[in-house]
């Protein structure tokens with residue numbers, strides 16, 4: 001199984017968590033980023049994500065190597081949605097397993113922080129007033 005996936009399909013956390021289960025690790029930390037109804041004092045109706053799959057996959061591999069070199073991580077999974085997402089849907093899911101909780105927590109936080117900064121995935125918010133706008137789009 002690949003560690004990173006861009007998909008238009010809904011994210012199923014229980015299936016992803018099952019991929020990370022084993023008898024070696026004592027910790028599994030997950031992060032689920034969901035579509036919220038407000039951003040910067042504006043009512044959000046839904047989001048639309050675009051992503052450059054090949055470039056995103058290559059950059060994720062660099063981030064994954066960095067994470068593994070900084071923290072004692074056993075396994076990593078990351079799935080990011082693209083396309084239209086409704087309120088409450090999971091936009092990004094990360095799972096990090098490690099022998100100890102500290103490494104799992106630290107690795108998970110490092111991954112989401114780096115992904116948001118470095119991956120070519122762009123978000124367009126659609127607002128209740130009919131306006132829309134790209135967030136951090138080049």
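Here, each number is a calculation from the coordinates, and none is a lab measurement. On a predicted model such as this, the values are computed, not experimentally measured, just so you know. FYI the Cβ positions are ideal-geometry reconstructions off the backbone, even for glycines, and counts take in every protein chain you see.
Things to note:
- Descending semi-axes in Å of the stretch 76-138, equivalent ellipsoid built from Cα gyration tensor: 29, 13, 9
- Between residue 3 and residue 100, the modelled labels are 2.1 nm apart [label points 7 Å from Cα along Cα→Cβ].
- Gain in span if fully extended, residue 70 to residue 58, counting 0.36 nm per residue against the direct Cα distance: 2.4 nm
- A protection proxy built from the mean count of other Cβ atoms within 10 Å ranks the segments 86-92, 105-111, 17-23, 119-125, most packed first, as 105-111, 119-125, 86-92, 17-23.
- Rg ratio (alpha-carbon, reference 2.2 N^0.38 Å) - the stretch 4-127: 1.08
- Degrees separating the helix 53-70 axis from the principal Cα axis of the chain, which is the longest one: 40
- Rounded to 10°, Cα long-axis angle of helix 101-118 versus longest principal axis of the chain: 40
- Expected 222 nm ellipticity per residue - DSSP helices of 4 or more, -39500 (n - 2.57), all of the chain, to 500: -10000 deg cm²/dmol
- Burial ordering of 43, 75, 53, fewest other beta-carbon atoms within 10 Å first: 43, 53, 75
- Ascending count of other beta-carbon atoms within 10 Å, so fewest first, for 137, 46: 137, 46
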